[in-house]
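Everything below concerns the one structure shown next.
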Amino acid sequence: VWNNCLQIIKDNIPAQSFKTWFEPIKALRLDGNVLTIQVPSLFFYEWLEEHYVGLLRKTVKKQLGEEGRLEYNIVVEKSSNSIPYTTNMPSNGNGAEGKNQSMPMPISLNKDIKNPFVIPGLKKLQVDPQLNQNYTFENFIEGDCNRLARSAGYAVAGKPGGTSFNPLMIYGGVGLGKTHLAQAIGNEIKRTLTDKLVLYVSCEKFTQQFVDALKNNNINDFVNFYQAMDVLIMDDVHNFAGKEKTQDIFFHIFNHLHQSGKQLIITSDKAPKDLSGLEERLLSRFKWGLSADLQIPDLETRMAILKKKMYSDGIELPGEVIEYVAHNIDNNVRELEGAMVSLLAQSTLNKKEIDLNLAKSMLKNFIKNSSKEISMEYIQKLVCEYFEVPIEMVKSKTRKREIVQARQISMYLAKLHTKTSLKSIGAFFGGRDHSTVIYACQTVDDLIDTDKKFKGYVADIQKKLKMS
Ligand code: ADP
Ligand code: MG
């Protein structure tokens, strides 16, 4: 009967899916109109139920009549003392072993193992966590830009799976330290709780492994491997966009780990609510724990990062050079480090001491190419030219309508396009306090909503600003 079912199923789904999800199934027995099949794991069962329940039901009814029923026998995952979940994949005779040498090896067990995801039962499992040793909390400079994310990360490292920060989602733009912080949590856990199985994986690598596992017919081992972790760090989940099947499998792994009280750490370039191309059910999981963002560090933090880096590389630099670099490279930490590295390289090549002058001439190109901060002076100039009002007037006390308007728009744009604090914006525009700036921004916001002409003005000026 099962063979007949298989025939029908085979004709209705892609060959690859059939091979992956149906070939490993064993028919156990037929009692009256109840057919019992054996599936290799709980995960397997869930997957079948989720994706093929309709097809299975129809097929079984076709073979056994309206009363026909299907029962599952799930191979229980054998557990040993040290490993909560071990695979117990029955030999399914599909010859998968030996075909998959191309699989990137995520575990450093024993080079002879053909299938890298098979976790040998009873033997204490060792997994190379794939962490960079330099990415520690020690080396991660704290600042306003990362305080919440850092302290949440530290809490998670102290009690993986035992805080309400599960998953912990770290998000922020490129080069702001997501990978560093996520790995710092992993390194800290490995240092203090040596028995924990920690694994770092990028979304791309996970996807590649999944594709290979599909090809080699060892999905079950792949999933079991990931589900055996105590701490799973998944980097750059925005790259899951559009990859539905990979999201699906991650969703299952996520659920399994979360239900078993295991820690998930996820990074992304956007907040969960702004991620596109990801399934809603996955996004809603990401919102379960805590999302914390990383911002662009302020000048002091940038200087501290450079100093720390120089210190650990054993290099001493004049303070003014560090300040110059930190002041001018202000969009991301990776570029900041890159600029410093190229400066050091240049000085070695040219056998010249690094001083401010050298830094200035060497970094000229670097700075031109990186997005330079828009200054408040420049905003003021653009706005005043646009409204044809004298530049000095916006800083004056005058309450003339068109001047007030130019002043408020300037403050609004300064808040939007510079990293200046409200206090400093107020001070710049004629020594006003920060509540004046807040009021100005609200007024402009309201006018944009209600006054089409006004909205057009602001849009025009912003366009000019962007072109510069
Ligand atoms: P992302 O993953 O967000 O793109 P990374 O974690 O790769 O960024 O960080 C880029 C570089 O900046 C790394 O070398 C990292 O060590 C460094 N870095 C970022 N933030 C900090 C920080 N707060 N303190 C020290 N180094 C940092
Ligand atoms: Mg990264």
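The values are calculated or read from the model by the stated rules, or taken from the named source; none is laboratory data. Everything numeric here is computed off the predicted structure, so don't read it as measured data. Heads up, the Cβs are rebuilt from the backbone with ideal geometry, glycines too, and the neighbour counts pull from every protein chain shown. SASA here: full protein model, heavy atoms, side chains in, ligands and nucleic acids out. Shrake-Rupley method; radii C 1.70, N 1.55, O 1.52, S 1.80 Å.
Quick rundown of the values:
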quantity	calculated
Between 0 and 90°, nearest 10: helix 452-467 axis offset from the chain longest Cα axis	90
Estimated [θ] at 222 nm from DSSP helical runs (n ≥ 4, -39500 (n - 2.57)) normalised by residues in the chain, nearest 500	-16500 deg cm²/dmol
Potential extension, Asn350-Glu23 segment - 0.36 nm per residue separation minus Cα distance	111.2 nm
Assigned charges on the beta-carbon of Lys, Arg, Asp, Glu; the chain dipole about Cα centre (debye)	460
Among Ile391, Ser347, Pro14 the positive-end extreme of the charge dipole of the chain (Cβ point charges)	Ile391
Hz values of 3J(HN,Hα) by residue in region 188-200 - Karplus curve (6.51, -1.76, 1.60), Gly and Pro given as x	5, 5, 4, 6, 9, 10, 4, 6, 5, 8, 10, 9, 9
Accessible area expressed per residue, the chain, with surrounding protein chains retained (probe 1.4 Å, Å²)	50
Full-extension gain in nm, Lys423 to Asp144, via 0.36 nm per residue minus C-alpha separation	98.8 nm
Where only C-alpha atoms are counted, convex hull volume of region 402-468 per residue in Å³	81
Region 246-321 and region 1-56: distance between their alpha carbon centers, rounded to Å	40
Prolate/oblate/rounded label for region 280-409 (Cα gyration tensor, a/c 1.5)	oblate
Rounded to 10°, Cα long-axis angle of helix 244-259 versus longest principal axis of the chain	80
Stretchable slack from Phe454 to Glu71, in nm (0.36 nm times residue separation minus alpha-carbon distance)	131.1 nm
Two-decimal Rg to Rh for region 239-348 - Kirkwood Rh, Cα set	1.17
Highest-first arrangement of 196-203, 126-133, 33-40, where packing means the average Cβ count within 10 Å	196-203, 33-40, 126-133
Overall form of region 3-80 per C-alpha gyration tensor (a/c, 1.5; a/b vs b/c)	oblate
Rg in Å to one decimal, and Dmax rounded to a whole Å, for the chain via C-alpha atoms	29.4, 94
Accessible surface of region 424-468 [probe 1.4 Å, protein heavy atoms]: carbon and sulfur percent	54
Apportionment of accessible area to carbon and sulfur, region 207-275, percent (1.4 Å)	47
Rounded tilt (10° steps) of 356-369 against the dominant C-alpha axis of the chain	60
Selection from Asn239, Leu199, Leu214 lying farthest towards where the dipole of region 139-266 points positive, charges on Cβ	Leu199
